[in-house]
1. Write down Rg/Rh for segment B:329-377, rounded to two decimals, with Rg from the C-alpha atoms and Rh from the Kirkwood relation over Cα pairs.
2. Over all distinct alpha-carbon pairs, what is the Kirkwood Rh of segment B:213-291 in angstrom?
3. For A:Lys161, give me every one of the lysines with a C-alpha distance below 21 angstrom, ignoring sequence neighbours fewer than eight places off in its own chain.
4. For B:Gly76, which sequence-distant residues (separation of 5 or more, or a different chain) have an amide H within less than 5 Å of its own amide H, given hydrogens modelled in the peptide plane?
5. Three principal axis extents, largest first, for the C-alpha atoms of segment A:78-219, in Å?
6. List, in the order given, every pair from B:Lys87/B:Lys282; B:Lys98/B:Lys152; B:Lys123/B:Lys311; B:Lys178/B:Lys204 whose Cα-Cα distance in the structure shown is over 29 Å.
7. Two decimals, Cα atoms only, Kirkwood Rh: what is Rg/Rh over segment B:177-264?
8. Quick one, could you list the DSSP H helices from chain B stretching 30 Å or more along their long axis (Cα atoms) with average Kyte-Doolittle hydropathy of -0.5 or above?
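Every read-out reported here was derived from the displayed coordinates using simple, explicitly stated rules and does not represent laboratory data. Predicted, not measured: the structure shown is a model, and the values here were computed from it. All Cβ positions, glycine included, derive from the backbone under ideal geometry; neighbour counts span all protein chains shown.
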Amino acid sequence: MNHFLQVLFDGLLNGLVYALVAAGLSMIWGVMDVINFAHGEFLMVGMYVSYWIGFFLDVDPLFSWIASGAFLFIMGAATYRLIIRNSLGKSAMAPLLATFGLSMVLKNFCMNRFTPNFRLLSGTVLEGKTISVGGAILSVPQLATAAFALVLLACLYWMLKRTRLGWAIQATAMDSEAAELMGIRTENIYLLVFGIGGACVGITGGLMTSYLAVYPEVGSLFSLIAFVVVALGGFGSIPGALLAAIIIGLVESFTGFYVAAVVKYAAVFAVYLAVILIRPKGLFGW
Amino acid sequence: MLRKIAFTVVLCVLGALLLTGVAVAEDKVIKIGALFPLTGPSAVSGQNCLNSVLAAAELINGAYEGFDVPLAATEGLLGGYKVEIIKADHQGKPDVAKSEAERLYNQEGVFAVIGSYNSAATKPASAVAERAKKLFLCGASSSAALTEREYKYFFRHAPTDAIEATEFTDYITYLNEKKGAGIKTLGLIYENTEFGKHAADEGKKAAAKIGLEVVADVPFNNGATNLSSEVQTLKAANPDAVFGAALGGDYSLWVRTMKQVNWLPKIAINFCTGYQNPAVQKELAGDGDYFMGGMSFSPELAKEFMPEALKVQEKFYFPLANQEFDSDSLQEAVMLLVLGQAIEKAGELDTEKVREILATETFVSPLSLSGEVAFEPGGQNIKALSVITQIKDLKYNTIYPEKFKNAEPVYPMAPWDNR
């Protein structure tokens, strides 16, 4: 029973982190129909921002996520203004290739400036802290990240459903020309969506430095999983991303423990394929 | 008019002579490929290996007094040839390693390639060399399968996983017999790659020989986002000893995850992994303490048995890498120095002659723990030696065998909440 609970909590905690990584990607994809291939590298940059702030200024990731979120908001908006906007409307492949190029630049820039070394923050407030729930041991840094994820996703959902900005984003996603005719400045919406997408992944990265090593390749597998989460949950759907991420976290965790650790990612992709075959729009697609 | 023609002819001749001179100068270079994972999950180790080869090349190319290392006192090879290192990145991918090896031999025209750290990359890259009848020298890749292919142009310095696994089980036998350790069960956690799988296979074979029961066999995908279920599987089986084969970031993730779930075996011994990398250990700080691993170099070991390695580290390696040698990277430098000696003995850049010398002669190697290097058919270094170390406060203390021992092992590992 202890093992079952432990595996369950591991899956939930990992799933919630995946949900926050995927939320920004989901918004960008859902609203603009743009696949941000540099999403994993955005996560990596967020982690580096938090790491260096922690390293030089001794600020704990519990607080430095604000800086990494803000930095990535600006970076996301700048990416839209300088790269995406110029590639939109040219060909479907143009933004995709542009963000792929950006991912290469970011990864190699960090490799060059910071070396490929693995960097772990030591002495953080939550380091090494655990709590026991029914015999299962939960890591407090991971729990904190998951809790932040839940709160942020709730805020994001509330913003999309209950605010004028959220309605404008949804309207732009449904029909950008009609939205523009209704007086919505779609250009600004796109800019904001890219910024929010960046901020989500920046905040996640900022928090993750409390328990995960930072290195230039750290975002690769997270970004792959984020793509699966978005496609499984439905493009642009925050509840979809949350549910899909939890499903993926649990599948990964239970398969890893009860079947074999080496097939856990294979199981994730198998579930994704099965759901997509039955429901191509994903669980909650717009 | 005649004057003009004569002037033009003289100018052309002078120009031609000048160009020939340049060509001659360019010819006084021996190109050696350095094929490592400079990006990707193993990039930390790959960069260290490359820096190590560059340090060895600098040592060969200049004339340095005060080093009791072959080729240090003379400038270059064969009376003035400089070694030029051509860098190549295989990203940890076997297919890229193969194509980069082809590029190095066919387009860059390298005389030999040194590499490639990941056994999975070394395998196809050295197959390219074998087909092309070109030399491939391998420092750190430890998969035993590499030297079981009976290749003629492949030479490897590192002890194989088979040698290390036997050493691990010898040590367990020693602990059981001399210290009453009562180690009866074994868990294995390893990356699901050529290296990891071979290391695990050799670990199982060695365990079977001493009657150690394997209760957990946990391969994982490298570059994982988490190792929760992997560590849970180990914890559920609760083996007395664990053999680990996890590189770089995966190693630190493994250690941190064990801390999260508050579990440790009695001993954890690592094949050539993130354990050996001082940069990884520095980041892990105290969490890395009490783990063990097979090594053929550590600064502590070198003080007594390999003093020249420390001098080379100080003068050539540290300025490039800003850190100490590690067991893996040092072996790549050794292979360049061995190749240099073979070229000197051959007296010319003839691949066949150099290969013959590599295959038959014994080389002085103050940068190796045994002090010598000699290869058996298939290319394995029969002088390869490694010891078992245990890390504490960022120091790799040698705990086995007795001959090299400089500290008593801390056994069982200190629990997480008592550090």
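1. My calculation puts Rg/Rh at 0.96.
2. Hydrodynamic radius (Kirkwood, Cα only) of segment B:213-291 equals 12.6 Å.
3. Reachable lysines: A:Lys281.
4. B:Asn61, B:Gly62
5. 56, 41, 20
6. B:Lys123/B:Lys311
7. 0.97
8. Qualifying helices: B:2-27.
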